[in-house]
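Novice: Below is a structure I'd like to ask you about.
Bear in mind that the values in this text are calculations on the coordinates, not laboratory data. None of these values were measured; they are calculated from a predicted model. Every residue, glycine among them, receives a Cβ derived from its backbone with ideal geometry; neighbour counts consider all protein chains shown.
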Amino acid sequence: MKIQSILFVEDDRYIGEMYVRSLRKAGYDVDWMVDGADGLVAARNKSYDLIMLDIMLPEMRGSDILKALRGKEDLVPNTRIIVLTNFDQDDESRLAMEHDVDAYLIKAEITPRKLIEMIGELDKLPPRK
Amino acid sequence: MATIKHDQMVKDYWNSYQSRAWINLIIWSLGISFVVMVILFLSAIIKFDLIALGVSFLILAVVFLSLKLLVFEILLVPLHQLADALTHVSDEPNAVEPPHPNSKHARANGLAPLLELIYKLGANYDPGVKQSAKQSEVEKGLHHSRSSVVICSENGEVTFASHAAPIMTDPKGRIRLKLQFSDSDSLEKWASQVSADDVRAEKNWHRIASDPVGVEDRRIFDIAASYEKGSEAPFVIMLIDQTDSYQPEDDQLDFIAFAAHELRGPVTVIRGYLDVLLQELDGNLSNDHRQLFDRLAVSANRLSGYIANILNASRYDQRHMRIQLVELSVGSVYGLIKDDMELRASIQNRLLAVDIADNLPTVAADASTLSEVLSNLIDNALKYSHDGGTVTVKATASDQFVQVDIIDQGIGMPPSVVANLFHKFYRSHRSRETVSGSGIGLYISKAIIESCGGTIDVRSKEGIGTTISFTLPTYSSVADKLVESNHSNQEILLTNRGGWIQNHNKYRG
């Protein structure tokens, strides 16, 4: 399934605007939430093809959103999830998150163009389930 | 301390004794002959006649001398052999032919067991009473020093350690050295290799810590180890405590790592907006403006690379760096940095010639860290090349490895610089003056390549150029070592402590 709709959960205004702008220009339908609680509500209320999560977020951390979505039960089985963060987690927390996501990216090491290329690569993979 | 003065050498004893014995023998023979002759004269057995007296005296002297010579020879041959044996086992330089315990003489006169005992005591008691006292002084001195000496047996067990040595008791109750070597270049690995292959060997290590960063009383050593097969002390390890020199730099790295982490946010914004601006303004920019944007992009990308190097070096020192070994091609990893490298070459007026065939075997590596290694090595080659020069990146396959060469025809390096190139924070005097850098890129590149099971080395000639080559194991050569994963998309994670851990599907940016 080709990715079309994206939920972007990011509290940094500059970074959020930058990615939302690029993704929209690339033709994606993007919703942007700036706090974790709103991000979780949006993820539950609407079916997105891709959710992009920061970790350090106000109200609710990205790791907690991930647990809520893919903890006991996978509430978003058809959705791809990318963690996009500059936060240096300890190995255990990072491994735990990597287990439930399709990509774990360091913001400082990629650019909007690279991210869009990567989303294109995700499109080529077989459906999650 | 009182010392006993010995003027006479052991080796001189026999000659001196022999001379004295001859003189005594002659004097006593003449004396006894004279006395016997006087008794014979007084008892009127011989008459007073000068000729008769002279002849009698000579006959008596010859008879007594002959008898004593016979006794002398019988007694002195064993003494001579004992003296030679003692001279041989003494620590004096000498040319004495040691008597063999199994010789005809030794067996005939029953001296064989004595000679064997002398040789045995000599072998066990060397270097002698006087040197034992010196040895004891050396030991005392060692125990007062911050640097230390450790002696290990062939099986790696510590048999002697001066007080300052970093040692610990392992779970089996054996005393071991407590040092944080990298898995690929450890004392243990070297020891097992030389004890299998060599009679004598030596090796040095620099900047080896007793504990990970953050542990109290952590010390940092330069280490020199030597090995001699069959010796009573096969492994002698000297540990020079360099904590005072190295610790400030390590503390500095901790601080820099903290600062680098804080820089990630602004760098994300700078790189991102440059990327956005370039895409949106594309077509409307003059060549001049485009070049300015390119310079900004290259600088921002370099900054991002420095940050990654510093954070990885800090993680590596704390044994927290993780290397994920997955199946990938060198070409695909180069593809991740291709645009950036071409841009860097272009704004520095260098040519970048890349020859990485599509049909090379896949390797076991980690895309993110391998791209960091390639960036570091290519960036160095570009920086140290001449204006208009060419940097060649070439990948070739050999038996179980893929080798990547980064070749430049730049300024090159003298051997003294090459020897230190992979040390943390090392920057040659010349590069400090002319080229920007942190002195960490090659250190972390080596750590990454070796953590993947590969090797890295450098060949350079001053004024001619430099070739840095690294190898990585082909995926097929190590696939059977990788633990089977329950997940559909297998990946293996290798910590730099050497443990294999299963991991799950993911991408790295």
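Novice: Could you derive backbone 3J(HN,Hα) for the stretch B:287-298 from the dihedral phi with the Karplus parameters 6.51, -1.76 and 1.60 (θ = phi - 60°), listing whole Hz in sequence and x where the residue is Gly or Pro?
Specialist: Computed from phi, the couplings for the stretch B:287-298 are 4, 4, 5, 4, 5, 5, 4, 4, 5, 4, 5, 4 Hz.
Novice: Note down the magnitude of the dipole of the protein assembly as shown about its Cα centre, charges +1 on Lys and Arg C-beta and -1 on Asp and Glu C-beta and zero elsewhere, to the nearest 20 debye.
Specialist: With Lys and Arg at +1 and Asp and Glu at -1, about 1320 debye.
Novice: Let me confirm one metric for peptide A:18-28, namely the mean number of other chain beta-carbon atoms within 10 Å of its residues' beta-carbons.
Specialist: 2
Novice: Place a +1 charge on the Cβ of each Lys and Arg in the stretch B:129-282 and a -1 charge on the Cβ of each Asp and Glu, then give the dipole magnitude about the Cα centre in debye, rounded to the nearest 20.
Specialist: Its charge dipole is roughly 760 debye.
Novice: Which residue, B:ILE59, B:SER451, B:VAL89, has the largest displacement toward the positive end of the dipole of chain B when charges sit on each Cβ (Lys, Arg +1; Asp, Glu -1)?
Specialist: So the residue we want is B:ILE59.
Novice: Mind running the shape call on the stretch B:131-241? Use the C-alpha gyration tensor, a ≥ b ≥ c as the square roots of the eigenvalues: rounded below 1.5 for a/c, prolate if a/b tops b/c, oblate otherwise.
Specialist: oblate
Novice: Using a simple charge model, +1 on the beta-carbon of Lys and Arg, -1 on the beta-carbon of Asp and Glu, nothing else, what dipole does chain B show about its Cα centre, in debye to the nearest 20?
Specialist: Using Cβ point charges on Lys, Arg, Asp and Glu, chain B gives about 1280 debye.
Novice: Using a/c under 1.5 as the rounded threshold, could you call the stretch A:12-129 rounded, prolate or oblate? The axes a ≥ b ≥ c are square roots of the C-alpha gyration tensor eigenvalues, and prolate needs a/b larger than b/c, oblate otherwise.
Specialist: Judged from the Cα gyration tensor, the stretch A:12-129 comes out rounded (a/c under 1.5).
Novice: Are any of the pairs B:LYS140/B:LYS446; A:LYS67/B:LYS424; A:LYS114/B:LYS424; B:LYS338/B:LYS446; B:LYS11/B:LYS203; B:LYS203/B:LYS383 more than 29 Å apart by Cα-Cα distance, and if so, which?
Specialist: B:LYS140/B:LYS446; A:LYS67/B:LYS424; A:LYS114/B:LYS424; B:LYS11/B:LYS203; B:LYS203/B:LYS383
Novice: For the stretch A:5-124, build the charge dipole from Cβ charges (+1 Lys, Arg; -1 Asp, Glu) around the Cα centre, then report which of A:LEU69, A:ALA43, A:ILE119 sits farthest towards its positive end.
Specialist: Result: A:ILE119.
Novice: Can you tell me the orientation of helix B:367-383 relative to chain B, as the angle in degrees between its alpha-carbon axis and the longest Cα principal axis, to the nearest 10?
Specialist: Here the helix axis deviates by roughly 80 degrees.
Novice: Going by a ≥ b ≥ c, the root eigenvalues of the Cα gyration tensor, does the stretch B:247-503 fall in the rounded group (a/c under 1.5), the prolate group (a/b larger than b/c) or the oblate group?
Specialist: Since a/c stays below 1.5, the shape of the stretch B:247-503 is classed as rounded.
Novice: On to the next question. Could you pull out every residue, at least 5 positions away or on a different chain, whose amide H is within less than 5 Å of the one on B:PHE160? Hs are placed 1.01 Å off N in the peptide plane, and Pro or chain starts have none.
Specialist: Here B:ILE151 satisfy the definition.
Novice: May I ask for the angle, rounded to the nearest 10°, between helix B:50-89 and the longest principal axis of chain B, with both axes built from Cα atoms and the value confined to 0 to 90°?
Specialist: 20
Novice: Calculate the mean, over all residues of peptide B:257-270, of how many other protein chain Cβ atoms lie within 10 angstrom of the residue's Cβ.
Specialist: Counting other chains' Cβ atoms within 10 Å and averaging over B:257-270 gives 4.
Novice: Multiply the residue gap between B:ASN287 and B:ALA224 by 0.36 nm, knock off their C-alpha separation, and tell me the result in nm, one decimal place.
Specialist: Residue separation times 0.36 nm, minus the Cα-Cα distance, leaves 17.0 nm.
Novice: Under the rule of at least 5 residues apart or a separate chain, name every residue whose amide H is placed under 5 Å from the amide H of B:VAL391.
Specialist: Counting only residues 5 or more places away or on other chains, the set is B:LEU351, B:LEU352, B:ALA353.
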